[in-house]
Structures are given as structure tokens and as C-alpha cells.
Amino acid sequence: MNLTRYQRPDLGWAGFGRPSSLRDELDRLFEPPWADLARTSQLLSGWIPALDVHEDKDNFVVQAELPGMKREEIDVTLHDGVLSISGERKAEKKYEEAEVCRTERFFGKFQRTVTLSAPVAADKVKAQYKDGVLIITLPNTEAAKPKQIDENVN
Amino acid sequence: MKAIVQAEPKAAAERTEHQEFVVPVVNIFETGDGYALEAEMPGVNKDGLEITLEGNEITVLGRRAAEPVNGGLLLRERSGADYLRVFELDPAIDTSKISAKMEQGMLTLILPKSERVKPRKIIVSN
């Protein structure tokens, strides 16, 4: 299970234009000591898209933030109860010649894996990419089974 | 030369004093014709986007579309907050010609420079 990242994505890297105010400074005083590490960890590891995982009685729902990609650049695989989301985001060629004023976005390869805690119906998994968020719905095998209705009433 | 720089979200901060925002990450490029600004706002669509220009400050506000998800949370790395960032524009930008495009949670702003400051070739006459 590759869930190493825990960072508040809203903080970004300390150097990335977050307007510093007294309030920010105070917030920083009270945040856990590893928050700073998480902030800078992406600089070493590359792009680690943020994930949310929900579970209800029928489904696992995995949401990944992958803004500005194309559908075909995203790969989703399910193998032995391990969901893997990977892909590569390429920098736009049209700005290759341009002068860079600010560069905060990550490019390149990424991979996130989630080990599911219950078996899922692999053939009924749905993935949707909308507004830069990938949403994968994985029905658990209980929900995928046709319901047994007992007709025997004595 | 003055580029596009980050500014404090003054007016916006007054409006929503207690609201938390995410600062969207951006790339800004300068081309001969002007600037291009790319801002990542996953979860925001065209309808949730509010771009306002005041003087030479541009405010980008992105409201997330509702994502109805029920059930227990196993992992949370994403933020539910809306996006806000303010930029001070290079005075060379022709603010009447700014255009915006929203695609898969990524906003692209094209900010052309006004004609008079664009580099141009001067033909030497005899």
C-alpha cells in the first residue's frame, strides 16, 4: 500500500507563493512537525496526486486529483485487490520556447496504489474523469452478487 | 520589466473573512505576445470559476462542484476548500483582451500584451 503522502495539498511548498500573514505563521506553529516534510517531499519524489478513498456498503470510491490531463494519459489497473492509478503528464510543447516566470506544477510520471480491504467485482469497476478528478467506483463482491430472494414461506 | 506577480487577496479576503482557500499551483510563461497562466483547480468546472479584474489585479476564484460521496472515509488527502489566488499584472497587458479556458480542472489564462509594447520589426526605408 503506497500511502506515504499525507500532506495538506492546500499548503503547497513553503516557497510557493502562499501569501504569508501572521495567521499563516501562527498556523505553522501549531501544525504537526511532519507537515513541513510532507510539503517538500514531492520535490524529491516527483508528483504524488492527492487521493481520497471512501467506502460505503456497496462500493469503494477512489478520487484522485489529476488536473489538466488527457483521458488516454491515465492508466487504471486492478490486480489482486490492488488498485493502481498511474500515468504521465507531459509539459506543453508550445511553451518550450517561452520564458518561464513561475513553475509550480509537476510533470512526469506518477503512480498511486491502493490495497482494497475487501474483494471487489473487477468487471463492474467504473472510472470517470471529470473536472480534473478521476473517480473510480469499485463495487464490492457482496453488492455485485444478485440478491437471493427466499420464496419459501411456510 | 514587470511580470505577473502574486498579490494579496485584499478585496476577496474582506468578502469571505472566515473562509479557507486553497492556493492553486500555477505555471506562468511569457511569450513574445504576452503571458500564459496555467492554474490547477481540480474539481472546479467552468461554472464554478469567477475571474475578476480590478485595476491591474486579477483574482481567480474557483468553487468546487459538489461531489456526492457517501460512506466512511478511509483516506483523505484532498481539500474540500475553494481555490483563490490574486495576481498583479504587468501593465503591458491589454486587460480587455484576456481570455480564459477551463479544461479538466486546469484554467489557462491568455494575457496578451497591448499592441504598442509588442516587439515589432521596423522596416528600414531607403
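Taking all protein chains together, B:ARG120, B:ARG85 sort by accessible area into B:ARG120, B:ARG85, largest first [probe 1.4 Å]. With the whole protein complex present, A:VAL76 retains an accessible surface near 60 Å², based on a 1.4 Å probe. Near the amide H of B:LEU75, within less than 5 Å, lie the amide hydrogens of A:VAL53, all on another chain or at least 5 residues away, with H placed in the peptide plane.
In this view, the solvent-accessible surface of A:ARG102, computed with a 1.4 Å probe and all protein chains in place, comes to about 60 Å². Which residues does the label zone of A:THR77 cover in the stretch A:106-138, counting backbone N under 14 Å from a point 7 Å along Cα→Cβ? Only A:110-114 fall inside the zone, counting backbone N under 14 Å.
By its C-alpha gyration tensor, with a ≥ b ≥ c as the square roots of the eigenvalues, how is the stretch B:5-115 shaped: rounded for a/c under 1.5, else prolate for a/b larger than b/c, else oblate? Each step should come with its number before you reach the end.
Working: a/c = 2.56, a/b = 1.78, b/c = 1.44.
Since a/c reaches 1.5 and a/b is larger than b/c, the shape of the stretch B:5-115 is classed as prolate.
Peptide B:36-45 has a mean of 6 when you count, residue by residue, the C-beta atoms of other protein chains within 10 Å of its C-beta. Determine Rg/Rh for the stretch B:50-126; Rg is computed over alpha-carbon atoms and Rh is the Kirkwood hydrodynamic estimate from the same atoms. We get a ratio of 1.23 for the stretch B:50-126.
For the chain pair A and B, buried accessible area totals roughly 4000 Å², probe 1.4 Å, rounded to the nearest 100. A simple spin-label model places pseudo-atoms 7 Å from Cα toward Cβ; at B:ARG76 and A:LYS126 they are separated by 2.5 nm. What the phi angles of the stretch B:106-121 give under the Karplus curve with 6.51, -1.76 and 1.60, with θ = phi - 60°, is a coupling list of 10, 8, 10, 9, 10, 10, x, 7, 5, 3, 5, 9, 5, x, 9, 7 Hz, glycine and proline written as x. Solvent-accessible surface (1.4 Å probe) assigned to B:LYS118 amounts to roughly 50 Å².
The values are calculated or read from the model by the stated rules, or taken from the named source; none is laboratory data. This structure is a prediction, so every number in the text was calculated from the model and none was measured. Cβ: placed from backbone, ideal geometry, glycine included. Neighbour counts: every protein chain shown. Each accessible area value is taken on the protein alone, full model and side chains, heavy atoms only, with ligands, DNA and RNA left out. Shrake-Rupley method; radii C 1.70, N 1.55, O 1.52, S 1.80 Å.
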